[in-house]
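Data first, discussion second: the structure below is written as structure tokens.
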Amino acid sequence: VVTVSQLATALAGAGIGPLMAAITLGIVRQKGFNIQIGRNQAWNHAGNMAGAGLSGWLGWQFGLSAIFFLEVAFGLFAISAVLLIPEKSIDHKAARGLDDKPADDEGTAEGLRSFLRHKPLLILASCLCFFHLGNAAMLPLYGMAVVSAGKGNPAMFTAMTVMVAQAVMIIVSLLAIRFVRDRGYWIVLLISFAALPLRGLIAGSFIQHWGVWPVQILDGIGAGLQSVAVPGLVARLLNGTGRINIGQGVVMTAQGIGASLSPALGGWLAEDLGYPVAFYTLGCFAIVSLGLWIGSASTLRSADQVSA
């Protein structure tokens, strides 16, 4: 049952990101994409925060089984929300990234091999893979570290770690809209990558109940900026190719590879070398992202300007 549920969750999670980006692009097009994706992410993080709070309270009051019924209810609400979107409000050509074509031209998507030649996209995917290799295990490991030290209630502390990060992400997602407009994608993602090494340093140095605040605030900054900048940059880079949705999927696959390996790596480090070493090591993976991102600054910035 656990295996099947995790498989279903993974399949749904893999599809939701590109699909939501495509629907958004089809409704508001390139011109309004950054603003709308920022609003989408703010609501997304608000829902995550509410879900974490309710899960913590229900788990504390009624046991862990109550959390699963809550997730079923949220799933039904999400389906209802999608059904309320008028199908005719979505321009399917624009959703693919072809809305710069003439009105009577359906457009032709570029071949899939074009991704292998798209250096900026490959750099972005590589940076995100290394970032999530270090980032994904940080939250659960920090919760385990604090709880195992007897400094927090399992259900309530875990909920608190999520709520702090998601609250910050709401604010950061909205601020990222203006930041991207004024400073561009490159600097926004640079800041998001830089947050993880500092987060790992603090997590490894202070395994305390109060540590959730600086550790998860930094998580909220990094993830909040990426939730807006990554889909926006992919849509910008691949505008006119007709392959924006696949591009979103390619980037999310790279993120998923890093995120899927992170718990195994983090768990092994924590078990054999202790939690502090695990946090320091996980934080170092973002240094690889930083080096690659800074080293490719000219390529990425020129591609962003050309695509604009």
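The values are calculated or read from the model by the stated rules, or taken from the named source; none is laboratory data. Model, not experiment: these values are computed from the prediction. Methodologically, a virtual Cβ is constructed for each residue, glycine included, from the backbone with ideal geometry; neighbour enumeration extends over all protein chains shown.
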- Message: Could you list, ordered by first residue, the pairs with Cβ atoms under 6 Å in which the first is in the stretch 232-243 and farther than 22 Å from F179 by Cβ and the second is modelled with pLDDT under 90 and buried (at least 23 other Cβ atoms within 10 Å of the Cβ), at least 6 apart or interchain?
- Response: T241/G97; G242/G97
- Task: Just name the residue that is farthest from R29 (Cα to Cα) out of those in the stretch 58-98 that are among the charged types (D, E, K, R), modelled with pLDDT under 90 and part of a helix (DSSP H, G or I).
- Result: E71
- Quick one: is V28 in a helix (DSSP H, G or I), of a type in the set (V, I, T), surrounded by 13 or more Cβ atoms within 10 Å (Cβ to Cβ) and more than 16 Å from the chain's Cα centre (by Cα)? yes
- Task: Return yes or no: is I35 in contact (Cβ under 8 Å) with a residue 60 or more places away in the chain and crowded, with 17+ Cβ neighbours inside 10 Å?
- Result: yes
- Kindly indicate whether S55 is surrounded by 15 or more Cβ atoms within 10 Å (Cβ to Cβ) and of a type in the set (S, T, Y). yes
- Looking only at residues in the stretch 269-300 that are among the polar types (S, T, N, Q) and assigned to a helix (DSSP H, G or I), which one is nearest to S192 (Cα to Cα)? S289
- Item | Options G224, G256: the member that is within 25 Å of I187 (Cβ to Cβ), within 15 Å of the chain's Cα centre (by Cα) and in a helix (DSSP H, G or I) | G224
- So V250, is it in contact (Cβ under 8 Å) with a residue 12 or more places away in the chain and within 14 Å of the chain's Cα centre (by Cα): yes
- Task: Evaluate the following for R243: is it in contact with a Leu (Cβ under 8 Å, 6 or more places away or on another chain), within 19 Å of L300 (Cβ to Cβ) and crowded, with 21+ Cβ neighbours inside 10 Å?
- Result: yes
- Query: Out of (1) exposed (fewer than 15 other Cβ atoms within 10 Å of the Cβ); (2) within 15 Å of A94 (Cβ to Cβ), what's the single condition that is false for L7?
  - Reply: (2)
